[in-house]
Structures are given as structure tokens and as C-alpha cells.
1. Looking at TYR60, TYR44, which one is within 15 Å of the ligand (Cβ to nearest atom), within 30 Å of ALA331 (Cα to Cα), aromatic (Phe, Trp, Tyr) and assigned by TED's automatic domain parsing to the domain that holds TYR165?
2. For VAL164, are the conditions met, namely being surrounded by 23 or more Cβ atoms within 10 Å (Cβ to Cβ), modelled with pLDDT under 85, under 27 Å from TYR298 (Cα atoms) and in contact with a Gly (Cβ under 9 Å, 6 or more places away or on another chain)?
3. Could you identify the single residue in ILE58, ILE128 that is modelled with pLDDT under 95, part of a strand (DSSP E or B), buried (at least 22 other Cβ atoms within 10 Å of the Cβ) and out of contact with any Lys or Arg (no Cβ under 9 Å at 6 or more places or on another chain)?
4. For the range 34-52, enumerate the residues that are charged (D, E, K, R) and at pLDDT 95 or above.
5. Which count do you get for residues in the range 392-444 that are farther than 30 Å from GLN35 by Cβ, charged (D, E, K, R) and modelled with pLDDT of 80 or more?
6. Which residue pairs have Cβ atoms under 6 Å apart, sit 6 or more places apart or on different chains, and have a first residue in the range 90-105 that is assigned by TED's automatic domain parsing to the domain that holds CYS50 and acidic (Asp, Glu) and a second that is away from the ligand (no atom under 16 Å from the Cβ) and part of a loop (DSSP other than H, G, I, E, B)?
7. Can you name the residue in the range 119-146 that is among the small types (Gly, Ala, Ser) and farther than 21 Å from SER169 by Cα and, of all such residues, is farthest from the ligand (Cβ to nearest atom)?
Amino acid sequence: MRKFIKMTVAALLSALTVASASSCSGIIESTVEFQRDMHQSDYYRLDNVCETDDGYYILYGGHEAYFIEKETHRIALLCTKPECAHNDDTCNANISGGVLWESDGRLYYTNSTLLEEHGKLVDHGERIYSTALDGTDRRVVQDLEFEPSGSSTHVYPILHRGYVYFFYSGVFYRSPLGGKIKKRAEALWGEEIEGQKGSLQVYDSIPVGHNFTLWADGDFVYFMANVMQPDGTYKDTLFAFDTVKAEENKKDKKKDDDETAEPLVKQVWETPDADVVGEWTETGVSVTKWYVHDGYIYFYLSGGDYWRCELASGEYEKLADTHEVTPYGKAIFTDEYMCLLNSVPEDRSLPGFVIAEGSRYDYLHLVGGDTFYVYGLDGELLCELSLSTIYEQFDGVVNVEPIFCSDGGIYFVAEAETVIGGSETDQDNWFLAGGKKKYDYILCRADIETGEVEVIIDWERT
Ligand SMILES: [Zn+2]
């Protein structure tokens, strides 16, 4: 769960401060493109990152903002108040975000808003906020829900060339950044699902919420949805919205009203079957990791290989036989690289994961990993990066999670578990033996050029 609605006095005071600092909600000019390579980490502790000229902003645990300086790779909490204990909502680093963007020198993030008004708590639903780059000067930018839903499942909106793209009740919308959505949001695709308030996504007759992943590349805004097939199985399916055509239609009012005109949102790809790309862990349902760039969808299949498909022609091309290097893995992409970590299935049996009846695959929980294989987007294996120094430096490393790759470095988290106190030799029964577990989340950077691996910060928890 990323969202915390804290009912503390401090939370309310800070919420009230935010409310009073945000009287206007005018449209905000923004020309930024969607930062593809910052929006791939599934790791729940560090899945929000954005890049600026000088560095990276990153939310640890979904609510502590840090800044990593690009040149030195040094990290600092985003709060310089000397008197601050950094433990409540008055701290400048306290940002609870579903997303993180930078545009024109400000940070943007989403959060659910509960405010005290006339002695009552009022739910304002999910909203976009902004703050100065040092965490001060917080403002409400925009609502993301037409009616507050109290829902805790959210689709991450994206910002692309001044528009915020988001889902609400099964409908795909866009609105100028900062615009009042009741006036300014345009419905682009989908039909409102009766009784489904909020950004919880339901498509067709899928009985549970399946989050749509938003993306953009050049003139197109994409979303990946898990769509029910005629035989009752499900497939991840990619849709594209043509932003240039949408602008042309706006200028040419006639076209906009023409019902025979080509739709602006089209299906452009769906998860291939095994006869096209072979078997993998989630055969026919979802690809392990995908990245849209320059008219291609690049994807990695854990249990299979590395592929791409040209969206215009639908032609597939295998880029590398990655299964020969590692049978399973976790991948992240950039416009230059596909970085593959040789993770392994966890050594305990897990139940199969059921997407829906007739569409079952064995879900493998992958852990560990001690080598990154860096491929070019064309499939050439460029280098191997050993993470052995991390395993030597820290006891009990059980997992590695790739977070992002930028500026010649792969950022990843090594998770370590160690038992402290009690009878330390009894690792299996540490709790009964009076021990405690210490967890280390160690953010590291592996340099693609030099192979050097450095520790950026060790977040410890007991
Ligand atoms: Zn602080």
C-alpha cells in the first residue's frame, strides 16, 4: 500500500497548510516529455524516481524523498531544516507519492487528500501536488477524481507535453496540467463503468481491478491493459493515442464531429503467443518487462528471450537468446540498454497465480542475482557487471532489485536479512531463540563503463 491517510494532528495541520497555500489552480505550461526510463521499477520501496539536470529524486518507502547528485552519486534527504526530526508531515522530505515528475523546476506527485473543513473530515480524493525542488512551497495542482472514491488502488497518471493522462472509472482522460478536470478533462477512450468510482480500473468484465500502465513515446501516449479474450483468457494489450492527430482535429472542428473519422486511440499490440516467441513464465498473458521506444515495443521474457516488435507492421524480431545467459531474470531498459539481472526462482514452493479462470500460469518469485548483463537495444551483449563485492561486503544478501539506469549507471537495491541477538547460530528459529531480524535495503550503483559497484546508502530497519 503506497497511500497513507494519517489521521494525526500533525497530518491535519500540514494538510490545512497545503490547502491554504493553494488558492489558484490555473493551467501550468509544461513541455516535458514522459521519462520512460524512470518509470519501470516494480520494487515497492523505490518505485518513484525522476531525473533533473543535476540528479535524481527518489521516494524511499513511498514517503521519504531523497536527492542523488548525478556527478558524485551522493545522496541526501530532501530536508535541510536543522531543527527537523524528519519524522512527521511537517518535514520537507515527507512526500507521499504515487508518481514523481519534474517540470520547470518543480516536483509533482500524487496523494490522497483528507482535510478538516468546518470540523468535519472531507475526502478530496486523489490529487496532484507540486513542491519546490527543496521540498518547500507545496501546492495543490489538480484533482484526479471527479468524485472522491476513498479507493486505495491508483493508476499512476503521466505528464506528457503539458497534459496529464489518467484513468477514472474505466475511462481514459487527459487534462491540461493544473486545469480543473470537471471543466477541462477530455474523455479519450473507454466507457464509464457503473458503480465504479475512482481510478480503480475495471475493463470489460474483469472482476478485479487491473491497473493500466501509462506510457509515452514521441507523439503517442500508450497504455497497457489486461484485456479479456473471447475464450475467457486475458492478454496484456497495448493501445496508442495519437496526440498530433488530436491537435489537428481540434483545429479542424468538422473532423472532431465526424463519426466515421479514424479513432484517436487504437490497439497496436498484444502479448504474443508461444508459437511466435516461445514459452516463458507468463506465456501468452504478460511479458516480463516492456519498453516502447521509437515505434518498437522491446520486451524481455523471463524463462524466454529478448525480443522486439515493430508496432506499425507487427513484425517480431528476436534480439538475443538471453535464456542461454540466464534462464530467468529481471530487466530494466533505457533508450540505449537492456540491463538484465540473473535472478533465480525463490527456493520455496508458491501457489500458481491465477489471473482469471482459463488463464493460469505459474508465478515465480525471483530473488538473488549477482550479475547484470548489459545489452544494446539491438541485442548485442555489451558487458557483464559482477555484483560480487556487494555479497562480500554485506552478510545475508537475499535479493537484488534493479531500480533504474541512467547516465552510465545501473541503480539497484540489495536486500539483506540478518539475525541479531538471541542465539545467532539458530537462523531458522531466530524468533523463538529470542533474536531480531535486521533488514538492510542497500541502494547501489554499478558503472557500465568501469564495472565499479558503489554503495550509495544503506537503509536499515529492525
Ligand atoms: Zn525534515
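The values are calculated or read from the model by the stated rules, or taken from the named source; none is laboratory data. These figures come from a predicted structure and were not determined experimentally. All Cβ positions, even for glycine, are placed from backbone atoms using ideal geometry, and neighbour counts span all protein chains on display.
1. Answer to the selection: TYR60.
2. Criteria not met by VAL164.
3. Unique residue meeting the criteria: ILE128.
4. GLU51
5. 6
6. Partner pairs satisfying both residue conditions: GLU102/THR52.
7. GLY119
Residues are listed down the side, and each one gets a yes or a no for (1) polar (S, T, N, Q); (2) in contact with a Pro (Cβ under 8 Å, 6 or more places away or on another chain):
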residue	(1), (2)
ASN87	yes, no
GLY97	no, no
GLU102	no, no
GLY105	no, no
THR110	yes, yes
LYS120	no, no
